[in-house]
Amino acid sequence: MKLQGGIYFNQDGLHQSVRAMHIQTELMGISSANVNGFDKVGYQKKEGVISSFAEIIGIHGLSEAVDDKMGRIFLTKNPLDFALANQGYFQITDKNGITKLTRDGRFMLNKEGELLALEGQHVLSQGGGKIKLPFLPEKLDEIIVSDDGRIELFNPKTRKVEYVDTISVVSSDGGVVIDPKVKQNYAEASNVSLEEEFIGMVPIRRNFEANRNMYMLQNNNLTRAIQQLGSS
């Protein structure tokens, strides 16, 4: 851009500061989401990934990745709580048929004997159907789930443990996990470390302040230059 009197100035510095502040704001938002998800069962940490051209394309150069490391597994003593001691996800589907992946294996039974997630979504089997017990057991500990996800139920009429179905456990791309290591009576805490999140926020905030100060400096200098040219 050319100012009156033949003086040129370049807006790239201002634009780069704004783009950098936008990226830092989004990164702080990701960290804040991780902190909020710290006490959520099965929550997986999100990480911001900045591309090599972020200084040019701004926020479009930032993407989000999921840290798939396992969280701490803890005992609940609830027979319908399941944790995965290996990488993978349970498949659940809502009333609209939308399938989602989750590591939150805290399930329940409805009066029809269907296995549901806590918010009412149906838990899927390896065959893609809804898991339904042939009858409601008198006690939940009569339901037995093995490491490979096989569900068995004690039948008081036959006095035998009978196979019901197999819980679907898949990878993030939908492939079947051969050895999911399903742990009954357990749940998985989030894999978020609060200490790491708070420490990681420090350089992000410093970078934001540095770019904010640079923006204010450039803006003030530009304003003074325009005022001086306008008064001449």
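Restricting attention to the range 176-232, and to residues there that are touching a helix residue (DSSP H, G or I) at 6+ places or on another chain (Cβ under 8 Å) and of a type in the set (Lys, Arg), which single residue is surrounded by the fewest Cβ atoms within 10 Å (Cβ to Cβ)? Within the range 176-232, the match that is surrounded by the fewest Cβ atoms within 10 Å (Cβ to Cβ) is ARG205.
Residues in the range 183-221 that are under 28 Å from VAL169 (Cα atoms) and among the hydrophobic types (A, V, I, L, M, F, W, C): how many?
Of all residues in the range 183-221, those under 28 Å from VAL169 (Cα atoms) come to 183-193.
Subsequent filtering for residues that are among the hydrophobic types (A, V, I, L, M, F, W, C) retains 187, 189, 192.
Matching residues across the range 183-221 total 3.
For THR93, the test of being under 17 Å from the mean Cα position of the chain (by Cα), modelled with pLDDT of 95 or more and among the β-branched types (Val, Ile, Thr) is failed.
Looking at the range 115-126, is at least one residue of a type in the set (Asp, Glu) and assigned to a loop (DSSP other than H, G, I, E, B)? Write out each step before concluding.
First, the residues of the range 115-126 that are of a type in the set (Asp, Glu): 119.
Restricting the remaining residues to those that are assigned to a loop (DSSP other than H, G, I, E, B) gives 119.
The answer is yes, given that some residue of the range 115-126 is of a type in the set (Asp, Glu) and assigned to a loop (DSSP other than H, G, I, E, B).
The values are calculated or read from the model by the stated rules, or taken from the named source; none is laboratory data. The model shown is predicted, which means the values in this text are computed figures rather than measured ones. Quick reminder, even Gly has a Cβ in these numbers, built from the backbone with ideal geometry, and neighbours come from all protein chains shown.
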